[in-house]
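These notes concern the structure reproduced below.
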Amino acid sequence: MVTVTELLGFSSGDLLNAVAALGLKPSSTRKSDLIDVIIKSGVTLPQVKAAALPTTPSAVAGKVTDSVDAAVQKIDASLAQRVSDVERRLHGEITAVRGDVQNAIDRATKGIVAPVLPDLSGDVAAAVAAAFAPIRAAMQAAPVAVQQAAVAAAPRERKAIRDVFGVDMDGDCEVSGAAYGVDPDYVWNKSTLRIALHDLERGNNFCLFGERGTGKTQFAAQLAGRLGRPFFRVSFEGTMEKSEFIGSDGLKGGDTQWQDGQIMQAYRTTDAICLLDELSMIRPEYAAVLHALLEPRSTYTVTSSREIVQRASGMCFVAADNTNLAGDPTGRHNGTRPQNSALADRFAHFMRMVFLPEKQEIALLIKRGATPNCAKSLVNLFTRCRAEVGGSLVETPSLRAAFAFCEIIDLVTPEEAWQVAVVNKSPEDSQEPLRQLFASHTNAIWK
């Protein structure tokens with residue numbers, strides 16, 4: 001190894017040449033610093049002498065370049081290793097996320113998938129619709145949390161009313177998701193539909209009232225299905241408790257926790273339509289509970305946990321009732337109660353539902369498989385039944401009963417079809433008058 005004494009015999013220029021040639025990095029160009037860095041490098045005196053020989057600028061530059069290249073290679077190798085480590089880590093994380101997403105999709109598919117069927121026709125359309133029927137049913141029965149997540153994530157778009165509802169009507173409406181449960185034979189009343197769409201756009205509640213069988217429940221269900229909105233139905237009766245439709249504390253996983261009732265589930269769900277069926281049957285002490293909930297931008301405070309629940313965006317209440325919530329002076333609707341004006345005021349519009357015109361009812365029954373003669377005879381008989389309500393009949397058979405009659409008319413006698421589709425589901429004091437009305441319809445053609 002070279003010594004200090006030996007290096008002192010070199011000039012500063014020679015030492016600079018040596019340092020540059022050897023690729024050393026002194027702290028400064030002072031002679032003492034040059035000597036110090038050379039000694040620390042461990043080189044020999046012959047190496048210093050060879051390196052200190054005068055050289056051309058190009059030769060010096062070449063040595064410097066080689067030194068720089070070597071340093072860059074070291075840096076590149078280090079960076080490449082670090083990048084590789086990062087890539088491996090990211091790849092692992094991406095793979096894990098993909099797995100989690102796929103698992104979530106697989107779980108959601110079991111209960112929420114509502115595919116949009118392509119525009120098919122004939123046997124192909126029927127086959128595809130049949131294949132997806134269980135999926136549609138699963139969607140409607142999906143847990144509320146899944147419905148909420150699906151609706152929140154679903155893209156909203158505006159479509160022409162005539163395309164969504166199949167009616168000759170101008171304007172457009174907001175569709176929240178894929179359609180489900182659509183009855184292609186449902187006949188829309190244009191005025192009622194237009195007002196309902198108006199109220200939905202503005203977050204208004206509205207009420208449908210009229211005779212049993214005029215399609216109040218079906219209107220709300222088809223409205224929700226066509227617009228891709230979650231649909232909740234709360235059927236009121238005299239024995240229904242507040243805990244059933246609002247909620248209550250109960251055991252869950254071994255702990256006492258608040259559990260939403262039917263209305264609160266809908267209350268939390270974006271764009272939900274909640275049907276309050278037979279609202280005039282609600283117990284008076286519970287009616288006031290609904291007042292605050294029916295307000296467009298309302299909140300509900302859970303007493304036990306003090307949780308403040310905000311009414312979800314786009315959520316709407318629809319009442320369906322035989323009366324207009326003001327009472328039933330005819331006495332034909334047992335169990336209904338006059339509701340106070342505060343409850344009625346929470347609904348922007350009251351639309352009376354009526355039976356379809358005779359020609360439309362006949363056409364609808366033919367679509368459901370009845371022969372023209374059978375459809376005409378059945379509609380004529382139903383018209384007579386409706387005229388007897390308040391007299392010999394407590395209530396009129398619904399159009400659903402007519403569909404049920406048509407479905408089995410080729411399997412049994414007309415009398416048997418009438419008995420199982422109409423008579424047996426009617427109040428006891430209406431059953432004998434219904435049998436007599438059918439028997440008097442002697443000239444009817446049923447098949």
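The values are calculated or read from the model by the stated rules, or taken from the named source; none is laboratory data. Since the model is a prediction, treat every value here as computed from it, not as a measurement. Every residue, glycine among them, receives a Cβ derived from its backbone with ideal geometry; neighbour counts consider all protein chains shown.
Within region 259-310, which residues are polar (S, T, N, Q) and surrounded by fewer than 16 Cβ atoms within 10 Å (Cβ to Cβ)? Give the steps one after another, and end with the answer.
Let us first name the residues in region 259-310 that are polar (S, T, N, Q), namely 259, 262, 265, 269-270, 280, 298-299, 301, 303-305, 310.
The answer is Gln259, Ser298, Thr299, Thr301, Thr303, Ser304, Ser305, Gln310.
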Selection from region 344-363 of residues buried (at least 16 other Cβ atoms within 10 Å of the Cβ) and either in contact with a helix residue (DSSP H, G or I) (Cβ under 6 Å, 6 or more places away or on another chain) or under 17 Å from Val422 (Cβ atoms) (or both) yields Met351, Met353, Phe355, Glu361, Ile362
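Looking at the structure I just gave you, is Ala221 small (Gly, Ala, Ser), at pLDDT 85 or above and not in a loop (DSSP other than H, G, I, E, B)?
Numbers: small (Gly, Ala, Ser): yes; at pLDDT 85 or above: yes; not in a loop (DSSP other than H, G, I, E, B): yes.
It is true that Ala221 is small (Gly, Ala, Ser), at pLDDT 85 or above and not in a loop (DSSP other than H, G, I, E, B).
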Out of (1) farther than 23 Å from Ala221 by Cα; (2) in a loop (DSSP other than H, G, I, E, B); (3) outside the structural domain of Leu290 (by TED's automatic domain parsing), what's the single condition that is false for Pro397? (1)
Tell me, yes or no, whether region 372-385 has at least one residue that is in a loop (DSSP other than H, G, I, E, B), without any contact (Cβ under 8 Å) to a residue 12 or more places away in the chain and within 21 Å of Ala444 (Cβ to Cβ). no
Sort out which residues of region 413-439 are loosely packed, with under 13 Cβ neighbours inside 10 Å and of a type outside the set (D, E, K, R), and write them in order of number. Thr413, Asn424, Pro427, Gln436, Ala439
Just give me the residues in region 403-447 being more than 17 Å from Arg386 (Cβ to Cβ), in a loop (DSSP other than H, G, I, E, B) and not β-branched (Val, Ile, Thr), in sequence order. Asp410, Leu411, Asn443, Trp446, Lys447
Does region 231-241 include one or more residues that are under 21 Å from the mean Cα position of the chain (by Cα), part of a helix (DSSP H, G or I) and in the same structural domain as Arg283 (by TED's automatic domain parsing)? no
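From the residues in region 368-409 that are acidic (Asp, Glu) and at pLDDT below 90, which one is farthest from Asn424 (Cα to Cα)?
Taking region 368-409 as the starting set, the residues that turn out to be acidic (Asp, Glu) are 388, 395, 407.
Filter once more, so that each one left must be at pLDDT below 90: 388, 395.
Working: Glu388: 18, Glu395: 13 Å.
Among those that are acidic (Asp, Glu) and at pLDDT below 90, it is Glu388.
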